[in-house]
1. Among (1) over 28 Å from B:Leu437 (Cα atoms); (2) out of contact with any Pro (no Cβ under 7 Å at 6 or more places or on another chain); (3) among the small types (Gly, Ala, Ser); (4) buried (at least 23 other Cβ atoms within 10 Å of the Cβ), where does B:Ser274 come up short?
2. Starting from residues that are free of Cβ contacts under 8 Å to residues at least 60 places away in the same chain and in contact with a Leu (Cβ under 6 Å, 6 or more places away or on another chain), keep the ones in segment B:222-252 and report whichever is farthest from the other protein chains (Cβ to nearest Cβ).
3. For segment A:822-838, give me each residue that is surrounded by fewer than 21 Cβ atoms within 10 Å (Cβ to Cβ) and either of a type outside the set (Ser, Thr, Tyr) or assigned to a helix (DSSP H, G or I) (or both).
4. Give me the residue from segment B:283-302 that is out of contact with any helix residue (DSSP H, G or I) (no Cβ under 9 Å at 6 or more places or on another chain) and surrounded by fewer than 18 Cβ atoms within 10 Å (Cβ to Cβ) and, out of that set, modelled with the lowest pLDDT.
5. Collect the residues in segment B:477-496 that are among the aliphatic types (A, V, I, L, M), in contact with a Leu (Cβ under 8 Å, 6 or more places away or on another chain) and closer than 18 Å to A:Leu97 by Cα, keeping them in residue-number order.
6. Has segment B:342-359 got any residue that is more than 14 Å from every other protein chain (Cβ to nearest Cβ), under 24 Å from A:Gly192 (Cβ atoms) and in a strand (DSSP E or B)?
7. Within segment B:197-226, restricting attention to residues that are assigned to a loop (DSSP other than H, G, I, E, B) and of a type outside the set (A, V, I, L, M, F, W, C), which residue is surrounded by the fewest Cβ atoms within 10 Å (Cβ to Cβ)?
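The values are calculated or read from the model by the stated rules, or taken from the named source; none is laboratory data. Just so it is clear, the structure is predicted and the values come from calculations on it, not from any experiment. Backbone-built Cβ (ideal geometry, glycine too); neighbour counts: all protein chains shown.
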Amino acid sequence: MSRVLANDRGTPPRLSEQQVSVLIDGHGITVPAGTSIMRAAVVAGIKIPKLCATETLEPFGSCRLCLVEIDGRKGTPASCTTPVEPGMTVHTQTERLSRLRRGVMELYISDHPLDCLTCSANGDCELQDMAGVVGLREVRYGYEGANHFGAKKDESNPYFTFDPTKCIVCSRCVRACEEVQGTFALTIGERGFGSHVSPGMDEHFFDSECVSCGACVQVCPTATLMEKSVIANGQAQRSVVTTCGYCGVGCSFEAELQGDRVVRMTPYMDGKANHGHSCVKGRFAWGYATHKDRITKPMIRATIEEPWREVSWEEAIGHTAAEFRRIQQKYGRGAVGGITSSRCTNEETFLVQKLIRAAFGNNNVDTCARVCHSPTGYGLKTAFGTSAGTQDFDSVLDADVIVVIGANPTEGHPVFASRLKRRVREGAKLIVADPRRIDLVRMPHIEAAHHLALLPGTNVALINALAHVVVAEDLIARDFVAERCEADDFATWCAFVSRPENAPEHVAGITGVPAAEIRAAARLYATGGNAAIYYGLGVTEHSQGSTMVMGMANLAMATGNLGRSGVGVNPLRGQNNVQGSCDMGSFPHELSGYRHISDEAARALFEAAWDVALEAEPGLRIPNMFDAALDGSFKGIYIQGEDIVQSDPNTHHVEAAMRAMECVVVQDLFLNETAAFAHVFLPGSSFLEKDGTFTNAERRISPVRKAVAPLAGLADWEVTMALSNALGYPMNYKHPSEIMDEIARLTPTFAGVSYAALDRVGSIQWPCNAAAPTGTPVMHIGKFVRGKGRFVVTEYVPTDERTGPRFPLLLTTGRILTQYNVGAQTRRTENNVWHSEDLLEIHPHDAENRGIRDGDRVALMSRVGETTLRAQVTERVQPGVVYTTFHHPITGANVVTTEYSDWATNCPEYKVTAVEVRPTNRWSQWQEESEVLRESTRRVAVAAE
Amino acid sequence: MTRVFVPCDSAALSVGAYDVAVAVAAEATARGLDVTMVRNGSRGLFWLEPLVEVETPRGRVGYGPVHAADVPSLFAADFLSGAAHPLRQGVVEAIPYLANQQRLTFARCGIIDAYSFDDYLAHGGLRGLRRALELEPAVIVGAVIDSGLRGRGGAGFPTGIKWRTALQAESAQKYIVCNADEGDSGTYADRMIMEGDPFILIEGMVIAGLAVGATKGFVYIRSEYPHAFRRMRRAIGVARARGLLGADVLGSGRTFELEARLGAGAYICGEETSLLESLEGRRGQIRYKPPLPAISGLFARPTVINNVISLASVPIILDRGAAFYREFGSGRSRGTMPIQLAGNVKRGGIIERAFGLTLGEIVEEFGGGTQSGRPVRCVQVGGPLGAYWPRHLFDVPFDYEAFAERGGMIGHAGVVVFDDTVNLARQARFAFAFCALESCGKCTPCRIGAQRGVEAIDRVIRGDRPAAQIALVRDLCEVMRDGSLCALGGLTPLPVLSAIEHFPEDFEPLRRPVAAQ
């Protein structure tokens, strides 16, 4: 598997308008100025031996294998560090060079174990390859001299080992940790012959600051850093390029396989979202796909008190169809609905909403984006005309000022965070608006110029104050606004933000952020060059989530920070396909491509294509479904790949709604929390088991390719199709590509998308159509999609969720690097060693007042519920604010969160809940009960022979 | 009032100068004498240290080496009037060792009070800078180019050319960095300047700043020079108070700030790119070139990085003119060089002379042969990476090109003398061992090669297949010389191969047992 080595050009590309022509071994080649001789040689088809150089890292010049001779120059410069110069004549193979290379190799091998045949890198070792290339035939130094053969292997990391005996000290790992990942966990200890790779101060990898992104393992040329899965299984025999199934960064990976066994996932160099980088989840945490908890047979039961009964696909589908028809006959056509999944492919999502609209005959379809980024869709569409972020990820490399609001990229979007950090190290200024002191505020070689540590729930006040400064200090991009935006709206907005209640001096009292800090941050944003906003759920999951999105759009428009690389308003999407699920018409009111269901023309298009009459009225949103279930009018639901019981707010309410339904169908990999209330369980297929596409946060449509056969025999799209057919609405796709073709036919922004096109170019950013045949990395260049940009007045309305004597603290929630959302996948991997339970972060001051010590069990109580977890006393949170994650079902963080939600989209207000915390020594009643419920509802009857 | 000079140079202090100073003060007080004690730097006549000088109408009369116990007898002999005493060396300036020198850079060293700005001015200080303030940057650079001054740190690259590159690099911020990480064995010229005449270095750096448009400088001083570091820091404070440094250099409206930084305790930090890494707070590790530091150096800004002596030679070039300076020397080696004589030598010390002196003159005439009294067998010139010179090459003139032609280098001009008890196989082993110890560990030839070199020489010494091992060492030397990333690995073959070439008998263990060692 020398794919990486085979394609590696040794040093990163250089951009230059100036082209330089050189002669290498008699071959003329022209490359951009600044290109290394090594890279130019590869372009010319000439490989120069190398070990320390690799295309993803800046040249280093340490191995001394790539020496060349240049006419008219003394010595033998390294080709990796020497840039081409006009007219250079280079020789890569001479007697002298051969001698030197063999001499260097002889030195390397004099301190390297000769166990190639039993080495885990056998067949995938650059040292081995180079020994062959230079023709090393003997090591005259012998093996009695000083060596590192006695160094101890570090197996502390769950996914890879570090074997210093095999290390050639090329520093690739150290450089990757610095340049690619930006964590600076590795260094070289000692000097001279004693030089060795050292995690931190000679710590174990696990105890060091390493975040297990795998960048070091990826670049290691030997077996020094090696995946345990490869040590256990051996080298892969084939690979499939696909897209990661975790977060909204959408990294491209190669699934490396032996037969149907995945032995390694390696980030794909040509992936445009990740450029060969990865995080601990995508790189290593894929073991869940074959975890013993996977359910691979369909199951049904009459009531949740009964054990599950395994049945055939035919029976399960037939039963489900019959139940849904029965319910519709008894309670009406609108008594059933479904939820599409942001974890599934575009094609699957499209099919589920089609099933609901065409086969169920109503618009009761919604998606998990409801609970995360629905305000993004609403807000950005209102302001700019498109329900999506404005930039590609690479845009951040052109930013001069980077604003991170309510997002924690180093935990939630680590691969993007690495690129962001790289830009900050290059000199861009960083502004962080977050109640917590997230890592980006200050970490190695990164320090935010401003940390606006606002109180949860006061985003809109803050954004208005920033706008106030821009207007009051006349930092407005007048030409941009005049040319690109609605003039009347702008004038109204200016008058609004200029009002004294939006002045930083007033807002300081609301947000807790000093007025001077707000002013300085506003000035930096408006005048610091290209300014880009990146935001996450800390913006959207509020009662004013949509308002805040529009507030940021206003600020970007007022300062002219839109329509080119380096700027923009960019949501960091949570799930792998949350953008896609929204694009695919998963919302009750929208058809694919964000066309309103009441739009006669759009509806007519679909009706003609689908040969069915569509309802013109929007259907139920998820919270409406729960309410309708409780009032008895909603009785059946088809939930594909979402665990609403764990992830939706106010668990008590959700559970009650689930219990009120007659047919709950869950399609998932595992018996999740929602499955406890289900009557039909349809086993799902993991991202490795099917073809399709995911659309990431930068609107990039990337192929998902079937690496192994579905464990349950059917891919998710096939199950939906079968259900539709059983319901009497025929679907006959032979391959997901046909679903994409239908999407392209029916969706103007996808018109140019096809599997053939994706195979050709790798990935495509929508809109992709006649006007933009290769897709659209940056939107709104020259003109907004809606025509003129729209300023919206964004009055700050405090949430009704207030602290008081009973609940004096504010709870806010978030995610952690090693776990993913409800944890269904990551909890079933070794990632648990980093985060085995959810912790409640509490400030020492608040902890002291309550007699809470670090590690104590505490009860977390809100007006809707109570749960117990362990406290972590830390100054990451400010006094008055507590924080936890929601990765573990036992924690039940959403038992505590409330029913409040965004005024426009019903996105829940996860980020603000008034709570109290007190020491306890017992689990909460809910936890006790849910434990019992979990046990009883997961029983599977032993099949009769 | 009589002025008595007791050096405060580390070399003098190491042999008791502090105790002497205390004793002189005590004795003067006890005798009720009006004595003003000046703590000067060293004259660089180390066999005479501590060299106590007394100001007399005939000039400064020296006594040395003086120990604290000698002080009462000095007073008793009325040394304050320059009277006779067994330790009396006569008028210092007339001591042939000194009289035969051409002191330009060290003109004030050992004469003035190192901290006295007024003393500095009184001895011609700041004349070069005042001249530079009247000149356009390109003219200053032109003068340095015309002077023929080459880097005194070891590489011998023309200083003015380096400056021109930095001048032409466009940047809002540029730096001047002084390499005072003087680590070569047997060298001390940098330290003597910092301890004996620090203002000349500061003046040189300010001129460099004016020349290339740099407003900030750093002096990177090796950690083994705590005394020099303290003195340099104090001198910088004085210079700032007197307007030589700061936002308005000598009232010119020009800015130059300077900081002294303590080195990281590694020989490799004396290599300019490692030094820059270390100065930036990182591990001292070689950066590849290009880019040259003059284009992208400290914090990726254009940076002039020069040795102490290079910078300290600049004021006189500006003061007396390029032509004056280039009058000294021979061939392409212009000006004077402070040769530092050390090792097994009778009269060790600094010898500032125009290029062209032969090795024999240095060792025999100035040095007076070995301290042990045994015959001189060889000298090593240029620090631990310099070649070993046998007696039959002692006619080689001290000159960059003449040395290079014969496979050596003058480096930082340290000359270490060995008598006939030296074993050159051991010295070759030491060269590898030194490289192994001091290698930054970045490039393979140096990191692994130096260690393997030690082992191969050990086999030679043990008589284990010596011919094959010598052949292996020769191959290794080619890999290290042509393959190493910097001069540490690249020059280690110099002492090794010169030892093998000139002293082959030492590599034949059967004929020459090493038992004597």
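1. (1)
2. Here the residue is B:Gly243.
3. A:Arg828, A:Glu830, A:Asn832, A:Val833, A:Trp834, A:His835, A:Glu837
4. B:Pro290
5. If the condition is that a residue be among the aliphatic types (A, V, I, L, M), in contact with a Leu (Cβ under 8 Å, 6 or more places away or on another chain) and closer than 18 Å to A:Leu97 by Cα, then B:Val479 is the only one that fits.
6. To start, the set of residues in segment B:342-359 that are more than 14 Å from every other protein chain (Cβ to nearest Cβ) comprises B:342-359.
Those still in the list that are under 24 Å from A:Gly192 (Cβ atoms) too: none.
For segment B:342-359, residues more than 14 Å from every other protein chain (Cβ to nearest Cβ), under 24 Å from A:Gly192 (Cβ atoms) and in a strand (DSSP E or B): absent.
7. Residue satisfying both the conditions and the ranking: B:Ser223.
Okay, residues lined up against (1) surrounded by 21 or more Cβ atoms within 10 Å (Cβ to Cβ); (2) more than 14 Å from chain B (Cβ to nearest Cβ):
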| position | (1), (2) |
| --- | --- |
| A:His112 | yes, no |
| A:Asn122 | no, yes |
| A:Leu127 | yes, no |
| A:Tyr141 | yes, no |
| A:Gly145 | no, no |
| A:His148 | no, no |
| A:Lys152 | no, yes |
| A:Phe162 | yes, yes |
| A:Ala176 | yes, yes |
